[in-house]
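Here the structure is laid out as structure tokens; the discussion comes afterwards.
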Amino acid sequence: MRTLVLNAGYEPLSVVTSRRAAVLVMHGKASVLAEDHTPIATPSALVPRPAVILLHHYVRVSRRRPAAPSRRSILRRDGRLCTYCDRPAATVDHVIPRARGGDSSWENLVACCGTCNARKGSKTLDELGWTLGMTPQAPPHHVWMPVELDAPRDVWMPFLTHASSH
Ligand SMILES: [Zn+2]
């Protein structure tokens, strides 16, 4: 079982095994915010199995700029919706086409559906008469989440919503 670890400021920090989480709780380093129904059997007792824990001390996370974007991280940033038509997107588009000198940066990549991607080709927005409804940018630090959160457990959801509403 996986346990969501929240930093002392309540933002998601990492995902660990529930046994590892139980050890942190037993050592007084974290509190249980949600638990699973099946306890953990230790040699001496049954202990609650944490589903979500909160660290008591803030863990400093380096504030380095997010890594270069991937298709997956662009789709996640843009809610998996096409920037141009709002339909489900599975591809990314270079706003300034690569053939025109556009780079593969957070600022030049947007989620895009296959239809719009094919129509856009190597044209610029000006040539097509299209506009961007937003300014693409690197995600702020606080929505930078562990990769495991691509497959969040249901019991984590209230805590993830809390984090992204800040
Ligand atoms: Zn589209």
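Just one of (1) within 10 Å of the ligand (Cβ to nearest atom); (2) open to solvent by 90 Å² or more (accessible area, probe 1.4 Å); (3) not aromatic (Phe, Trp, Tyr) fails for Ser44. It is (1). Kindly evaluate Leu75 against the criterion of being more than 12 Å from the ligand (Cβ to nearest atom), surrounded by 16 or more Cβ atoms within 10 Å (Cβ to Cβ) and without any contact (Cβ under 8 Å) to a residue 40 or more places away in the chain. Criteria met by Leu75. Screening Arg119 on (1) of a type outside the set (S, T, N, Q); (2) within 19 Å of Gln137 (Cα to Cα); (3) within 10 Å of the ligand (Cβ to nearest atom); (4) open to solvent by 20 Å² or more (accessible area, probe 1.4 Å) shows it passes everything except condition (2). Does the range 122-141 hold any residues that are within 16 Å of the ligand (Cβ to nearest atom) and among the β-branched types (Val, Ile, Thr), and which are they? Of everything in the range 122-141, just one residue is within 16 Å of the ligand (Cβ to nearest atom) and among the β-branched types (Val, Ile, Thr), namely Thr131.
Taking the range 78-87 as the range and being surrounded by fewer than 17 Cβ atoms within 10 Å (Cβ to Cβ) and either more than 9 Å from the ligand (Cβ to nearest atom) or not in a strand (DSSP E or B) (or both) as the test, the residues that pass are Gly79, Arg80, Cys85, Asp86, Arg87. Would you confirm, using the coordinates I've provided, whether Leu33 is over 18 Å from the mean Cα position of the chain (by Cα), closer than 15 Å to Leu160 by Cα and open to solvent by 50 Å² or more (accessible area, probe 1.4 Å)? In short, yes.
Residue selection: Leu109 satisfies the criterion of being within 16 Å of the ligand (Cβ to nearest atom), open to solvent by less than 40 Å² (accessible area, probe 1.4 Å) and at pLDDT 95 or above.
The values are calculated or read from the model by the stated rules, or taken from the named source; none is laboratory data. It should be emphasised that the depicted structure is a prediction, and the values quoted were computed from it without experimental measurement. In this analysis, Cβ positions are derived from the backbone assuming ideal geometry, glycine residues included, and neighbour counts consider all displayed protein chains. Surface areas here come from the heavy atoms of the whole protein model, side chains and all, with no ligands, DNA or RNA. Shrake-Rupley method; radii C 1.70, N 1.55, O 1.52, S 1.80 Å.
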